[in-house]
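Notes for the one structure printed next.
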């Protein structure tokens, strides 16, 4: 299987840097599966799970709270606003993310920022519901 370079970077650190077979990313346009040789693209991320397949039957999962994904012929880079290993995410973490978005929304200086933060808040709430269903399964 062809592989490509993948880096997941948060403001705090690099969570992952290595070769992968595929990566599924939660873009605002819908989930995208990136494979080696993918056409170049830049897209916005919504809160969700990034799944990096490192080999047959092996993978790593991460929670991202938004950001940007950049793909070229040989690499994928995610610059995440927030990112954690999925095992470090629980309801308390998601509640804190939602509270932060609500606080920022209340203090938003203009309509564009209000719309962006309202959409982020909706995405976080939707993700929390999906996350709870996933944990219950």
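Residues of the stretch 47-74 that are touching a residue at least 24 places away in the same chain (Cβ under 8 Å) and out of contact with any strand residue (DSSP E or B) (no Cβ under 7 Å at 6 or more places or on another chain): 55, 56, 72, 73. Based on what the data block shows, is residue 44 crowded, with 19+ Cβ neighbours inside 10 Å, free of Cβ contacts under 8 Å to residues at least 60 places away in the same chain and either over 25 Å from residue 117 (Cβ atoms) or touching a strand residue (DSSP E or B) at 6+ places or on another chain (Cβ under 9 Å) (or both)? Considered against the rule, which asks whether it is crowded, with 19+ Cβ neighbours inside 10 Å, free of Cβ contacts under 8 Å to residues at least 60 places away in the same chain and either over 25 Å from residue 117 (Cβ atoms) or touching a strand residue (DSSP E or B) at 6+ places or on another chain (Cβ under 9 Å) (or both), residue 44 comes out as no.
Can you list the strands (runs of 3 or more DSSP E) lying wholly within the stretch 1-59 that have 3 or more residues being in the same structural domain as residue 72 (by TED's automatic domain parsing), touching a helix residue (DSSP H, G or I) at 6+ places or on another chain (Cβ under 6 Å) and closer than 27 Å to residue 133 by Cα?
Working: elements: 4-9, 14-20, 22-27, 30-35, 41-55.
Once the strands (runs of 3 or more DSSP E) in the stretch 1-59 are filtered for at least 3 residues that are in the same structural domain as residue 72 (by TED's automatic domain parsing), touching a helix residue (DSSP H, G or I) at 6+ places or on another chain (Cβ under 6 Å) and closer than 27 Å to residue 133 by Cα, what remains is 41-55.
The residue list 117, 79 contains one member that is within 23 Å of residue 6 (Cβ to Cβ) and surrounded by 14 or more Cβ atoms within 10 Å (Cβ to Cβ), which is 79. Restricting the stretch 11-25 to residues that are under 12 Å from residue 80 (Cβ atoms) and modelled with pLDDT of 95 or more, the residue that is surrounded by the fewest Cβ atoms within 10 Å (Cβ to Cβ) is 14.
Every residue in the stretch 114-137 that is more than 20 Å from the chain's Cα centre (by Cα) and within 19 Å of residue 81 (Cα to Cα), please. Before the answer, list the steps.
Taking the stretch 114-137 first, the residues more than 20 Å from the chain's Cα centre (by Cα) are 114, 136-137.
Correct list: 114 only.
The values are calculated or read from the model by the stated rules, or taken from the named source; none is laboratory data. Small disclaimer: the values here were computed from a predicted structure and weren't measured. Ideal geometry is used to build each Cβ from the backbone, glycine not excepted, and the neighbour counts take in all protein chains shown.
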